[in-house]
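Visitor: The following block contains the structure, expressed as structure tokens.
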Amino acid sequence: MRPLQRSEFHAFLIRCRLCIIVISLLFIHRSVLPQQPAENLFVDAYGIENGLRQSMVSQILQDSRGLLWMVTGDGLHCFNGREFRVFRIPYNGTYSNADNMMRKIIETEPGIFMISTASSILRFNAFTGKFDLINREPSVYHHLLDVLIDGKPLVWVYSKGLSIAGDSLQSLILNPAGEKKIPEDFVPVQALPLGRESFAVIGNNGIMIAGRSGNTSGYTYNYKWTDAGECTAMAADRSGNIYIAKGTSLYLLREDSSWLRIADVGMHINPDLKIDHQGSFWFSDLTTKMHYRLSGKKLTKIEFVEIAGKYYDTLKPSVKHIYEDKMHNLWFGTDGNGLLRYSPDKVIFEKYAVGFTRCLEALDGHIFAGTFNKGLWKLSDDLSRAERVNPALFGNNTYILDLKSDNRGRLWIATREGLYVINRAGRCIYTFATNSITATFLEPSGNLVFLQCDASVYKFRADSDPALIGESVNNSVNSLLYYAGKQWDGTPLGLFIKPQDKDKNMIIWNEKDSAVLQYEIYQLLPLKEEVWAATGNGISIFSAEGKLINPYSSLASLTGEVVYAILPDNFGRVWFSGMNGIGCISRDRKRVIRFTMRNNLQSLEFNHNAALLGPGGRICFGGINGLNCIDPSRVKTERELPRIHLFNLYVSDTIFSKGIPPDGISLSLSREAAHLHGSVYTSGYGDAHEQGFSFLLEGYEKEWNTPVASPAFAYRNLPPGEYRLLVRYTDPFLNTGTPIPLLTVKVVPAFWQTLWFAALLTIAIIAITVFIVKKIQHFRYINRIKALEQEHAIEKERLRISKDMHDEVGASLTRISILSEIAKSRQQEPDKTQKVIEQISEIAGNVVDELSEIIWAMNPKNDSLDNFAAYVRRYASTYLEASTVDVKFHFPDTVPSLPMSAELRRNLFLVIKEALHNVIKHSGASKVMIELQIEKKCLSINLKDNGRGFDGKLLPGTGNGLHNMRRRMEDCGGTFRIISANGQGTEIITSVDL
């Protein structure tokens with residue numbers, strides 16, 4: 001071997017170096033994690049139209065009550081899943097515009113937050129909605145860090161370094177524990193607690209781990225510094241492990257402060273690194289435009305997609321912050337796209353738009369889709385990949401009607417032109433020409449395949465050499481099932497059940513058979529000793545004996561709906577599709593969960609015979625625009641429900657608090673403004689359109705409101721009383737939680753609506769009732785007495801009339817009778833007879849007058865003073881007319897019509913009559929004056945003549961006339977007085993109360 005020349009040696013060294021470089025590059029390339037195909041992350045976007053004032057969201061935080069808060073370029077916002085509430089600082093006074101440019105937020109205690117802005121540190125009270133200024137340095141950014149020391153946040157300010165933010169800023173005293181000290185140009189990027197007494201802070205040139213020691217007190221810390229360039233991010237998992245992004249790699253920070261590299265992601269990581277509850281890393285590159293998820297050793301690029309009807313909107317956000325809430329939703333704060341939410345529990349179907357999908361079949365872990373004029377497709381189980389199968393044979397003019405695989409791995413394809421059988425390579429190995437509108441593969445039996453084409457049934461041998469071995473004419477069948485010793489035929493005319501024939505080679509039902517259900521049957525499914533039927537009128541369920549049972553009331557919601565297909569999953573649930581989307585019936589059969597376009601359906605219209613229990617238990621349905629699949633294991637229909645809290649509250653049309661109302665509120669309302677309205681939020685943050693809230697105002701309502709998507713409640717003009725407001729939450733899977741009390745309210749009644757007033761009123765009513773009853777009884781007693789007195793008076797009047805008739809009229813009539821007899825006996829003596837007749841005439845006239853007086857006294861129409869006065873005037877004038885006595889009346893111009901009893905009238909009249917009689921008979925008077933006076937209800941009647949008079953001393957011994965006059969007045973309760981003297985006339989004075 002000859003020695004190498006210098007030039008050759010240098011060439012050899014160059015080649016060696018090149019080899020080393022190539023090998024190093026290959027090694028580095030192999031150490032970088034391979035990136036998987038991009039994954040669509042279906043998100044919901046919330047922005048300006050939802051009340052966000054500024055589309056840059058710098059940080060997101062869920063507080064101790066589950067409410068989301070976020071700091072933006074224009075104030076603090078909270079979010080209830082539908083709308084934002086904004087808390088801003090006014091531009092005047094102590095605060096400036098820069099104070100609303102908020103960057104970081106941390107909760108120090110329930111409802112109390114510290115917020116850093118472009119130039120200040122603020123404290124915010126969520127219950128009052130008020131800000132307090134802690135520190136301000138114009139144009140100096142206050143970097144709030146995720147570490148609490150004695151309940152106070154750690155903050156870095158250029159002028160003070162690391163400090164504690166309480167009522168003011170207090171700098172930490174940092175003592176190095178080794179030779180290395182913190183570089184002067186150290187600027188913190190992130191900080192995380194390592195325990196109660198220690199924390200870690202990273203910067204672009206290293207990491208500091210600080211902790212209190214037994215010899216230190218207050219805010220004095222010992223620290224250890226480690227040089228480490230290119231540190232960009234730090235995050236902690238659920239177990240408290242700390243991970244650091246340095247350069248393009250991720251490292252685990254061990255307890256001994258050593259670093260363990262776990263992955264090289266091939267890019268520098270943005271400072272906002274997030275580890276979710278499953279241990280996956282979420283991050284962006286330094287441009288914040290490229291987004292990734294690292295799960296184990298699988299690095300996946302993330303594309304943000306928003307469903308807009310039946311289309312997608314691809315978002316290109318600049319992500320500023322990633323946050324995982326208590327229900328494992330991921331929130332992305334962006335610069336320009338507002339707030340994005342990704343919910344892992346939201347049901348998102350895989351979708352592939354292959355056009356009108358008529359039938360589906362699974363073979364060798366793939367899904368085959370037969371379409372209308374779009375050919376035959378072979379798709380991966382997750383629909384991420386698809387390819388046409390033999391497009392030369394199944395072109396865009398081929399209508400594929402049904403698919404069936406056999407046990408030799410071949411695919412049988414029924415089209416309108418005929419039957420094709422292809423092998424795994426897609427090569428056609430058998431054809432059979434037909435010309436049919438419809439075609440359906442019926443249940444196979446061993447190596448036999450039954451194909452119904454219109455009204456014909458063909459039987460094929462499915463061995464290595466497929467061939468037609470039989471044909472029959474039969475009615476159309478949609479679904480054929482052999483179960484429980486019976487043949488179940490689902491047809492367009494209904495369901496027919498008959499005993500199973502020993503030889504299942506041919507279909508044997510006909511139209512003469514009677515249908516047990518007269519709706520079109522699209523599919524039959526045996527399930528736990530039941531047979532489920534998808535029909536043109538919902539889902540019907542039969543017992544193994546063939547009796548319609550329908551044991552589940554929840555299925556009544558499907559009445560009138562066309563259901564094409566039903567499929568069971570491995571979790572006891574039943575899935576269905578039809579003319580109104582896809583649904584899922586829960587394991588307990590109490591809930592029918594519906595899925596819509598928001599769940600990424602190809603459309604709401606699916607097709608008959610296009611359903612498949614696919615590879616790995618996937619549920620697949622075909623529709624008019626393509627097919628949808630889903631892994632049922634990802635659908636968690638049973639879950640713990642979140643709590644519910646008040647979001648805002650208005651009392652008597654006035655806001656209760658400028659902040660967020662606390663729990664357990666007790667209100668007292670005036671009856672004049674007994675109004676209450678507000679809204680609630682749930683920490684679950686599910687899809688706003690798929691949640692349900694129902695309210696009950698206990699004491700006012702008897703039944704719960706129907707669950708609705710709106711979280712608002714309103715009550716107006718509440719009556720006085722005490723009430724309790726309850727809310728009940730229903731999640732998108734129709735799980736309903738227990739009632740949660742929100743507040744209590746008392747509407748203060750008016751004093752007349754109070755209990756004491758009601759008691760007093762009751763007592764008063766009882767007392768008044770007793771009084772009235774007693775009064776009524778008294779009145780009844782008095783009326784009874786009056787009635788008895790009246791009866792007595794009537795009886796007395798009758799006796800008087802009888803006596804008057806007997807004493808006066810009777811005596812007169814007796815005299816007339818006697819004189820008549822005398823006249824009869826003296827008929828021969830005319831002169832004497834004439835005198836007797838004249839006496840009879842005079843007596844008869846007196847009788848007539850006496851009867852007239854009796855009748856006048858009896859007539860109730862005369863029971864008034866005016867009638868009495870008129871009668872006295874008339875009687876006196878008539879009585880004195882034939883005498884020489886001149887009468888004068890001194891009566892009032894108008895005599896009032898005061899009532900007078902019949903007895904009083906009679907007695908007064910008889911007194912006057914007797915007085916006039918005495919004037920004519922005894923006084924020898926030429927004049928008499930009758931005076932009537934009425935004062936109030938006292939009646940006075942005076943008679944005065946100018947006769948001879950008599951000695952008043954002789955009055956007690958006078959005749960019965962004067963005594964009768966006195967007696968009559970006393971019987972009436974009146975007075976009677978006589979004034980007389982010899983030669984001076986006589987005056988009679990009477991008075992009585994009417």
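Visitor: Straight-line reach only, C-alpha to C-alpha below 24 angstrom: list the lysines that K775 could link to, leaving out same-chain residues fewer than 8 apart.
Guide: K786
Visitor: Size of the dipole of the chain about the Cα centre, Lys and Arg at +1 and Asp and Glu at -1 on the beta carbon, nothing else charged, in debye to 20?
Guide: Working: 110 positive and 105 negative charges, 294 e Å.
In debye, rounded to 20, the chain gives about 1420.
Visitor: A further question on this structure: Would you mind pulling out the separation of the Cα centroids of the stretch 240-303 and the stretch 530-597, in Å?
Guide: 45
Visitor: Pulled fully out, how much extra length does the chain show between S554 and A758, if you take 0.36 nm times their separation in residues and subtract their Cα-Cα distance? Write out the running numbers ahead of the final one.
Guide: Numbers: separation 204, 0.36 × 204 = 73.44 nm, distance 4.92 nm.
Answer, rounded to one decimal: 68.5 nm.
Visitor: Ok, one more. Note down the relative contact order for the stretch 357-516 as a percent, whole number, built from C-alpha pairs under 8 angstrom at least six residues apart.
Guide: Working: 355 pairs, mean separation 17.5, N = 160.
For the stretch 357-516, the relative contact order is 11 percent.
Visitor: Still on this structure: When the helix-only estimate is applied to the chain (DSSP H runs of n ≥ 4, each -39,500 (n - 2.57), divided by the residue count), what is the mean residue ellipticity at 222 nm, nearest 500 deg cm²/dmol?
Guide: Calculated at 222 nm, the ellipticity per residue is -6000 deg cm²/dmol.
Visitor: In nm, to one decimal, how far is the A515 label point from the S668 one, both placed 7 Å along Cα→Cβ?
Guide: In this crude spin-label approximation the distance works out to 7.0 nm.
Visitor: Measuring from centroid to centroid over Cα atoms, what is the spacing of the stretch 328-393 and the stretch 413-454 in Å?
Guide: Spelled out, the Cα-based centre of one part sits 26 Å from the other.
Visitor: Still on this structure, I have one more. Please report the orientation-averaged projected area of the stretch 127-342, defined via the convex hull of its C-alpha atoms, in nm². Show your work: numbers first, answer last.
Guide: Details: hull surface 59.9 nm².
Average of the hull's projected areas for the stretch 127-342 equals 15.0 nm².
Visitor: Could you give me the radius of gyration and the Dmax of the stretch 55-114, taking only the C-alpha atoms into account and expressing both in angstrom?
Guide: Using the Cα atoms of the stretch 55-114, the pair Rg, Dmax is 11.7, 34 Å.
Visitor: If you average the sequence gap of Cα pairs under 8 Å that are 6 or more apart and divide by the length of the stretch 863-994, what percent do you get for the contact order? Could you put the intermediate results ahead of the total?
Guide: Working: 226 pairs, mean separation 32.1, N = 132.
So the answer I get is 24 percent.
Visitor: Here's a follow-up. What full-extension length gain, to one decimal in nm, is calculated for V770 and S817 as 0.36 nm per residue of separation minus the Cα-Cα distance? Mind dumping the intermediate values first?
Guide: Working: separation 47, 0.36 × 47 = 16.92 nm, distance 6.51 nm.
Fully extending the segment from V770 to S817 adds 10.4 nm.
Visitor: Projected area of the stretch 350-634, taken from the Cα convex hull and averaged over every viewing direction, in nm²? Please report the intermediate quantities before stating the final value.
Guide: Details: hull surface 55.9 nm².
Convex hull of Cα atoms, orientation-averaged projection: 14.0 nm².
Visitor: From the backbone phi of the stretch 910-921, what are the Karplus-calculated ³J(HN,Hα) couplings (6.51 cos²θ - 1.76 cosθ + 1.60, θ = phi - 60°) in whole Hz, Gly and Pro given as x?
Guide: Per-residue couplings from phi come out as 5, 5, 5, 4, 5, 5, 5, 4, 5, 4, 6, 7 Hz.
Visitor: Which angle between 0 and 90 degrees, to the nearest 10, do you get for helix 865-881 versus the longest principal axis of the chain when only C-alpha atoms count?
Guide: That helix lies at roughly 10 degrees to the long axis.
Visitor: Hey, another quick one. Using only alpha carbon pairs under 8 Å that are at least six residues apart, calculate the relative contact order of the chain and give it in whole percent.
Guide: Working: 2164 pairs, mean separation 58.6, N = 994.
In percent, rounded to a whole number, it is 6.
Visitor: Sticking with this structure for a sec: Want the number for S472 to Y312: 0.36 nm per residue separation, take away the alpha-carbon distance, what's left? The partial results should precede the final answer.
Guide: Working: separation 160, 0.36 × 160 = 57.60 nm, distance 4.93 nm.
Extending this stretch completely gives an extra 52.7 nm.
Visitor: Tilt of helix 755-804 relative to the longest C-alpha principal axis of the chain, in degrees (0 to 90, nearest 10)?
Guide: 20
Visitor: Go ahead and run the numbers for FRET between S239 and R587, Cβ-Cβ distance against an R0 of 41 Å, rounding to 0.05.
Guide: Details: r = 33 Å, r/R0 = 0.80.
With a Förster radius of 41 Å, E is 0.80.
Visitor: Let me ask you something else. Using the Kirkwood radius over C-alpha pairs as Rh, can you work out the diffusion coefficient of the stretch 644-749 via Stokes-Einstein at 20 °C, viscosity 1.002 mPa s, in µm² per second? Could you put the intermediate results ahead of the total?
Guide: Values: Rh = 14.1 Å.
For these conditions, the coefficient is 152 µm²/s.
Visitor: Do the alpha carbons of any pairs in K104/K289; K404/K498; K246/K274; K913/K937; K297/K320; K297/K326 sit beyond 18 Å of each other, and which pairs? Please report the intermediate quantities before stating the final value.
Guide: Values: K104/K289 21 Å; K404/K498 26 Å; K246/K274 15 Å; K913/K937 23 Å; K297/K320 25 Å; K297/K326 26 Å.
Long pairs (Cα-Cα over 18 Å): K104/K289; K404/K498; K913/K937; K297/K320; K297/K326.
Visitor: Taking θ as phi - 60°, what are the ³J(HN,Hα) couplings along the stretch 157-170 by the Karplus curve (6.51, -1.76, 1.60), each to the nearest whole Hz, with x for Gly and Pro?
Guide: Here the 3J(HN,Hα) series is 10, 4, 7, 10, x, 6, 9, 9, 9, x, 6, 8, 8, 10 Hz.
Visitor: Taking the simple approach of a point 7 Å from Cα along Cα-to-Cβ for both H677 and S380, what is their distance in nm?
Guide: 5.2
Visitor: Against the longest alpha carbon principal axis of the chain, how many degrees, from 0 to 90 and to the nearest 10, is the axis of helix 960-971 turned?
Guide: Long axis of 960-971 versus the principal axis of the chain: about 10 degrees.
Visitor: Next question. Across 20 Å bins from 0, what is the distribution of all Cα-Cα pair distances for the chain, in whole percents?
Guide: Here the calculated profile for the chain is 10, 23, 19, 13, 7, 10, 11, 6, 1, 0, 0, 0.
Visitor: Cα-based Rg of the stretch 415-500 per 2.2 N^0.38 Å, rounded to two decimals? Provide the component values of the computation, followed by the final result.
Guide: On the way: Rg = 13.9 Å, N = 86, 2.2 N^0.38 = 12.0 Å.
Scaled against compact globular proteins, the figure is 1.17.
Visitor: Rounded, prolate or oblate: pick one for the stretch 534-624, where a ≥ b ≥ c are the square roots of the eigenvalues of its C-alpha gyration tensor, a/c under 1.5 means rounded, and failing that, prolate if a/b is larger than b/c, else oblate.
Guide: Since a/c reaches 1.5 and a/b is larger than b/c, the shape of the stretch 534-624 is classed as prolate.
Visitor: Another question, if that's okay. Enter the per residue convex hull volume of the stretch 863-994, computed from alpha-carbon coordinates, in Å³ rounded to the nearest integer. Show your work: numbers first, answer last.
Guide: Values: hull volume 12.6 nm³, N = 132.
Convex hull of Cα atoms, per residue: 95 Å³.
Visitor: Plugging the Kirkwood radius over Cα pairs into Stokes-Einstein for the stretch 246-369, at a temperature of 25 °C and a viscosity of 0.890 mPa s, what D comes out in µm²/s? If you can, show how the numbers build up before the last one.
Guide: Numbers: Rh = 17.2 Å.
Calculated translational D: 143 µm²/s.
Visitor: Please compute the modelled spin-label separation between V748 and R977, points set 7 Å along Cα→Cβ, answer in nm with one decimal.
Guide: Inter-label distance under the simple model: 7.1 nm.
Laboratory data are not the source of any read-out in this text; all were calculated from the coordinates shown. Keep in mind the model is a prediction, meaning the values are calculated, not measured. Heads up, the Cβs are rebuilt from the backbone with ideal geometry, glycines too, and the neighbour counts pull from every protein chain shown.
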